[in-house]
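**Q** Following this message is one structure expressed as structure tokens.
The values are calculated or read from the model by the stated rules, or taken from the named source; none is laboratory data. Note that the structure is predicted; figures quoted are calculated from it, not measured. Because the Cβ atoms are built from the backbone with ideal geometry, glycine has one as well, and the counts that use them run over all protein chains shown. All accessible areas refer to the heavy atoms of the entire protein, side chains included, with ligands and DNA or RNA removed. Shrake-Rupley method; radii C 1.70, N 1.55, O 1.52, S 1.80 Å.
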Amino acid sequence: MKRSNANTIDCNGLSPAPTVLRIKQALTGRARDAHPLDILLDPACDTSSLARSLGKLADRVRLVARPA
Amino acid sequence: MFSVFEPEASSSGEPYVLTPEAPSFAFDPTDPWTETFQRGLEAANLSGKRIYEVGIGTGTNAAFLLQLCDAALVSGSDLDPRLIELAERNVRSLAPDKIDQFHPIKGAVSLIDTDAARAQIAQTDVVIGCLPQVGDPGDKRLSAFREAQAVELADGADEQADDHIAHYYPWEAFDSYPFNSVGLGLNEALLQRLREHAPKAEVIMNFGCRVGTGIIFELFEANGFRPEKLHSQIVRQDAGTDISFFVMLEKALTGTGLEKDFVCKFFKDAEGKQPISACEAQKLIDEDPETPLFHEVAVIRGIPAAS
Ligand SMILES: C[S@@+](CC[C@H](N)C(=O)[O-])C[C@H]1O[C@@H](n2cnc3c(N)ncnc32)[C@H](O)[C@@H]1O
């Protein structure tokens, strides 16, 4: 599935490390006060541990668990 | 890479002299990547199959498949329109008896994005390809990401060689694909197109496994293919290819607790016994730009999971 709109980032199939890379890449150059980015996570990704990995960046995204 | 054309392949008893014409804008057919790819293709048992090569380059694989693997038909295309013309000339001179079994798709074709390419793909059993797996060092968003990790581009990495598009792809253009995050966006785009236009076709792709084979297998699985490694070799890292791409991926994970989950795979030795990360590899190059570095190249077959 493609990025459905400019505010959603698809991470289907990605384990936590490449998911974090993808989020960091998506946030690069994006205004800090922009509307939070929706991140569609792979069903195998654990939302709370991913939020811990993101640290402060977690405030700039909304982690959405994709249904399995 | 025609070293695999053994003398016994010639019915006259004479060794084949099968050196493809290879101008500077074409990927060098004597590169070990091509040798690895051909050994994998050999192991795939492609006799009687209809094959399509995405990114056909010099046509060395097309001639190889017709001449030595007994393929029923080989078709192919390339983003650089000069290459399909070159491939046709090379197949004509290297496999003259099989030229009727070669169907070039002319023009500039990105992946399979023309009507002619899609029509051919719909009648194909196996799609093969060895497509770039490193984002273009000149890509604007990738440059911003690199700067955010305080990683410098290697000297000269922003100069474009004649065969630039054989090594790098426009990273931002493929950012809708999740595996673009590790340089596999162009390859993922191909897998998704195949699921749509040739759902029964197998795929055989050649990968530089600097991001690890595990993640490449995940790419196949996420896109509906069951992966299987056909062949792999340790090859020398091309001195001209910029590895800062891999360094920035590792650095971006610093402080996330996931540092150990994604470590690039380079080797200090040609046997592949002394693994080092991209950061360690970069340090060695910084100390001595001539330091030889190695990595695995693997040929991976994907079988449609639904079949
Ligand atoms: C690494 S070379 C491999 C050439 C040949 N397949 C081989 O194995 O020796 C990659 C090839 O892919 C082509 N290429 C790059 N981007 C492409 C794209 N988007 N669509 C089709 N071909 C592409 C390049 O022009 C080049 O010929």
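**Q** Let me know the Rg and Dmax you get for the stretch B:161-307 when you use only its Cα atoms, in Å.
**A** 16.0, 51
**Q** I need the calculated FRET efficiency for the pair A:Asp59 and B:Glu259, taking r as the beta carbon distance and R₀ as 22 Å, to the nearest 0.05. Each step should come with its number before you reach the end.
**A** Values: r = 22 Å, r/R0 = 1.00.
The value I calculate is 0.50.
**Q** To continue, here is another question. Across the residues of B:245-253, average count of Cβ atoms on other protein chains within 10 Å?
**A** On the way: counts 0, 0, 0, 3, 5, 2, 0, 7, 7.
Per residue, the average neighbour count from other chains is 3.
**Q** Under 28 Å between alpha carbons, and skipping anything fewer than 8 positions from A:Lys24 in its own chain: which lysines qualify?
**A** By straight Cα distance, A:Lys24 reaches A:Lys2, A:Lys56, B:Lys140, B:Lys251, B:Lys260, B:Lys265, B:Lys283.
**Q** Just the number please: accessible area per residue for the stretch B:105-253, 1.4 Å probe, all protein chains included, in Å². Kindly include the intermediate steps, with their values, before the conclusion.
**A** Details: 5520 Å² over 149 residues.
With all protein chains present, the stretch B:105-253 gives 37 Å² per residue.
**Q** Now for a different question. What are the equivalent ellipsoid semi-axes of the stretch B:67-199, built from the alpha-carbon gyration tensor (square roots of five times its eigenvalues), in whole angstrom, biggest first? Mind dumping the intermediate values first?
**A** On the way: eigenvalues 207, 67, 25 Å².
So the equivalent ellipsoid measures 32, 18, 11 Å along its semi-axes.
**Q** Using a 1.4 Å probe over the heavy atoms of the protein chains, calculate the carbon and sulfur portion of the accessible area of the protein assembly as shown as a whole percent. Let's see the in-between values first.
**A** Working: 7910 of 16180 Å².
Heavy-atom surface of the protein assembly as shown belonging to carbon and sulfur, 1.4 Å probe: 49 percent.
**Q** Ok, one more. With N set to the residue count of the stretch B:127-239, report its C-alpha Rg divided by 2.2 N^0.38 Å to two decimal places.
**A** Working: Rg = 14.9 Å, N = 113, 2.2 N^0.38 = 13.3 Å.
Working it through for the stretch B:127-239, the quotient is 1.12.
**Q** If you bin the C-alpha pair distances of the stretch B:221-274 every 10 Å from 0, what whole percents do you get?
**A** 18, 32, 42, 8
**Q** Taking just the alpha-carbon atoms of chain B, what radius of gyration and Dmax come out, in angstrom?
**A** 19.1, 65
**Q** How big is the dipole moment of chain A about its Cα centre under a simple scheme where the beta carbon of each Lys and Arg is +1, that of each Asp and Glu is -1, and everything else is neutral? Debye, nearest 20, please. Working shown, then result.
**A** Details: 11 positive and 6 negative charges, 40 e Å.
Charge dipole, chain A, about its Cα centre: 200 debye, nearest 20.
**Q** Just reorder B:Thr34, B:Thr19, A:Thr47 by solvent-accessible area, largest first, 1.4 Å probe, all chains present. Before the final figure, lay out each step's value.
**A** Details: B:Thr34 10, B:Thr19 110, A:Thr47 50 Å².
These residues rank, largest area first, as B:Thr19, A:Thr47, B:Thr34.
**Q** Give me the mean projected area, in nm² to one decimal, of the convex hull enclosing the Cα positions of chain A. Spell out each step's value before the answer.
**A** On the way: hull surface 16.9 nm².
Hull-based average projected area comes out at 4.2 nm².
**Q** Return one number: the angle in degrees, 0 to 90 and rounded to the nearest 10, between the long axis of the Cα atoms of helix B:185-197 and the longest principal axis of the Cα atoms of chain B.
**A** 40 degrees
**Q** While we're looking at this one, here's another question. If the chain between B:Thr213 and B:Arg82 were fully stretched, how many nm would it gain, using 0.36 nm times the residue separation less the Cα-Cα distance? Each step should come with its number before you reach the end.
**A** Working: separation 131, 0.36 × 131 = 47.16 nm, distance 3.24 nm.
Value of the extension gain: 43.9 nm.
**Q** For A:Ala68 and B:Lys140, FRET efficiency with R0 = 30 Å and r from the beta-carbon atoms, rounded to 0.05? Mind dumping the intermediate values first?
**A** On the way: r = 36 Å, r/R0 = 1.21.
According to the calculation, E is roughly 0.25.
**Q** Same structure, new question: Just the C-alpha atoms of the stretch B:94-154: what Rg/Rh do they give, with Rh taken as the Kirkwood radius? Walk me through the intermediate numbers first.
**A** On the way: Rg = 18.7 Å, Rh = 15.5 Å.
Computed over Cα atoms, the ratio is 1.21.
**Q** By average Cβ neighbour count within 10 Å, what is the ranking of B:171-179, B:81-89 from highest down?
**A** On the way: B:171-179: 21.4, B:81-89: 19.1.
Packing proxy ranking, top to bottom: B:171-179, B:81-89.
**Q** Which value, in Å to one decimal place, does the Kirkwood hydrodynamic radius take for the protein assembly as shown when every pair of different Cα atoms is included?
**A** The Cα-based Kirkwood calculation yields 21.5 Å.
**Q** Please check: in the Gaussian network model of chain B (C-alpha springs, under 10 Å), which one of B:Ala239, B:Ala95, B:Ala201 has the largest mean-square fluctuation.
**A** Ranking B:Ala239, B:Ala95, B:Ala201 by mean-square fluctuation puts B:Ala239 first.
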